[in-house]
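Structure record follows, encoded as C-alpha cells.
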Amino acid sequence: MNSSSSSPSPEEEAQLLEQLRQALLSEDRKAVAAIRAMLEDEAQLSEKVSPIIRQHLAFIKENFEGEYGIIIEEIVTRKLADSQDEIVNMIFPKLNTIIKKFITAQFQMLKEGIDTQIKTVQNRFSPKNIFNRFFGPSDSDIILSQLDSPEVHEIYLVQRESGLLLGSYAKEKNTDQDVIAGMLTAIKSFAEDAFNRGKEDLEMIQYENYKIFLQNLPSYYFAVAMTGSISTSEKENLSNKLITFAEDNVPFDTTDVNSTLTDRISSALSKHFDQFNIQQ
Amino acid sequence: MLSKKVILTGSFGVGKTSLFERFINNKFEDKYLTTIGVKVGKKLVNTDKGDLSMMIWDIAGEVAQNKVPTSYFLGTSGIIYVFDVTRPSTYRNISEDLEYLKSINKLTTIKVVGNKKDLVSQEDLDKLLEEIPLPVNLFTSAKTGENVEKLFHDFAVEMVG
C-alpha cells in the first residue's frame, strides 16, 4: 500500500472547499434566494408582511392607552409645564374674546329679563313712566347702573408738587397713606412728564375693579379710590363735591404741611364723605 | 409735626436705594437691583427742635440729572446728591448736576454725599476731596450704616429749624 500521498495543490484545495460549501450550503442558498426574490417582489412581500402589520396595528389600536398612555401623558405634562407662558399667550386672546362675547350675551339677556319683568309689574301709563319712555334712560339701564354703582373707599388730598398728604379719608385704614400719596404723585408726575402734554393732568388711574379718580386743583389734588362704574354725570357730581369741600375746608396757603393741618382736613373729609352717595 | 420731602438722587449704582433701605428699614442687601422710576418711603425723625415726618423719594439713577423728570424735584425741601467714592464717573459731572438742580428749585438745600466709604481708606478719601471741585458734606456707608443716621438727622434739624 502506498502511504506516501502527496498534499493537494492550492487549486485543488479551493476546488475541494467549494465542493464542501456546495454540499453544506446548497439548501441555505436556495432559501436565501427565495427570500431575496420575495423581498424584491412587492406583491409577495405585501402578502407576507401585511397580515403582521395589520395584526400589530389592531393590537396598538386596542391597547394604545395601556401601552403608551402613561408615556405620552408624561411627555405632554412636561411640555405643558415647560411652555406655560407660550400657551397662555396663545390661548389668552381667543379666550378673552370668548369671555367678552359671553359677558355681553349675559348682560343682554339680563337687560331683556329686567325689561320684561318691569313691563309686567309696573303701571306703564304712569306720568313718570311715560316721560321716561320718551326722554329718560331705559329701566334696564337704571337697574344695571344700580347693580354696579360707584362707591368711594378712600380719598386723599395731596400737595401737588411735593406729594405730601394734606388729609385723607378711608373706610378702612390699612395702609400708610403718606407713602400712597407720595407714590400717586410720583406716578402722576411721571405720566404727565412722559407724555409731555404741557399743562394737561392725569385724571384717572384704573386697575382691575379699582379706579382712582384725580381731581386736579392749582396747588393740590384729590385722589379718590373707588369701585364700580362711574358715569359722566356722577363724575361731575363727585368733582363738584370735592371742589366745594376744598373751598370750604382747605386753607389758601398749604405750603407748610403739619399734623394739625392734616388732622383738621382729614376730620372734615370724614364728615363730608362718610355718608356721601355719588349717585345723589 | 412737620412733613417734608427729601430726594435721593445721583448716578446709577451709587447706593441711593441702599441708603434709603438702611435709613428706613435698617437693612442692607449686597445684591444690586436697579430702581425703576421712584420709590417713596417715610420715617419720623426726632430732633431737639421738634419732630419731622420725612418723606424720602429714592429716584432711579441717571448719568446726568437733566435726564430725571423735572417734576420729581418740585416741592422738595432737600436733595441728597449721592456719588460712589470708588467710581470717578459718578462725581465727574458733579458741578453741572448741582448747577442744574439749583436751577430747578432755588430754595432747596442740597447735600453732597460720598457713599461706599467702607471700600476705601481715609487716604483715598482725602485724595478724592482734592479732586472734587465742591465740598462734600458727608461720607457714608450704607453697608455698615456709618453716618447714615447722621446724614438724615442733620438734614431734619436744618429743615425743622
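On the principal axes of its alpha-carbon atoms, segment A:16-82 has extents of 70, 27, 18 Å, going from largest to smallest.
What the Cβ-Cβ distance of A:Glu18 and A:Ala58 gives, at R0 = 56 Å and to the nearest 0.05, is a FRET efficiency of 0.70.
Just checking the output field for A:249-260: average partner chain Cβ neighbours within 10 Å of each residue's Cβ?
2
Sketch the reach of a paramagnetic label on A:Gln117 as a point 7 Å from Cα along Cα-to-Cβ, and name the residues of segment A:59-103 whose backbone nitrogen lies under 20 Å away. Taking a point 7 Å out along Cα→Cβ of A:Gln117, the residues of segment A:59-103 whose backbone N falls under 20 Å are A:103. Projecting the Cα positions of B:Val120, A:Ser189, B:Ala60 onto the charge dipole of the protein assembly as shown (unit charges on Cβ atoms of Lys, Arg, Asp and Glu, taken about the Cα centre) puts A:Ser189 furthest along the positive direction. Within the protein assembly as shown, antiparallel bridges make up roughly 60 percent of the DSSP beta bridges whose residues both belong there.
Dividing the convex hull volume of the alpha carbon atoms of segment A:178-280 by its residue count gives 126 Å³ per residue. Exposure proxy for B:Ser103, A:Ser239, B:Ser3: other Cβ atoms within 10 Å of each Cβ, ordered fewest to most, give B:Ser103, A:Ser239, B:Ser3.
Provide the convex hull volume over Cα atoms per residue for the protein assembly as shown, in Å³.
431
In terms of the mean number of neighbouring beta-carbon atoms within 10 Å, the peptides B:120-126, B:139-145, B:76-82 order highest first as B:76-82, B:139-145, B:120-126. In a reduced charge model with +1 at each Lys and Arg Cβ and -1 at each Asp and Glu Cβ, the protein assembly as shown shows a dipole moment near 1740 debye about its Cα centre. Over chain B, the pair-distance histogram of Cα-Cα distances with 5 Å bins from zero comes to 2, 9, 20, 23, 22, 15, 7, 1, 0 percent, rounded to whole numbers.
From the alpha carbon centroid of segment B:82-111 to that of segment B:1-41 is 16 Å.
Applied to segment B:139-145, the Karplus parametrisation 6.51 cos²θ - 1.76 cosθ + 1.60 on θ = phi - 60° returns per-residue 3J(HN,Hα) values of 10, 10, 9, 5, 5, 8, x Hz, with x for Gly and Pro.
Assuming R0 = 35 Å, what is the FRET efficiency of A:Asn249 and B:Ile36, from their Cβ-Cβ distance, to the nearest 0.05? Result of the calculation: an efficiency of 0.45.
What's the FRET efficiency of B:Leu107 with B:Glu29 using the Cβ-Cβ distance as r and R₀ = 30 Å, to the nearest 0.05? After rounding, the FRET efficiency stands at 0.30. Remark: segment A:16-82 carries a charge dipole of roughly 220 debye about the Cα centre, counting +1 on each Lys and Arg Cβ and -1 on each Asp and Glu Cβ.
Read-outs: derived from the displayed coordinates by stated rules, not from any lab. These figures come from a predicted structure and were not determined experimentally. Cβ sites come from the backbone with ideal geometry, for glycine too, and all protein chains shown count toward neighbours.
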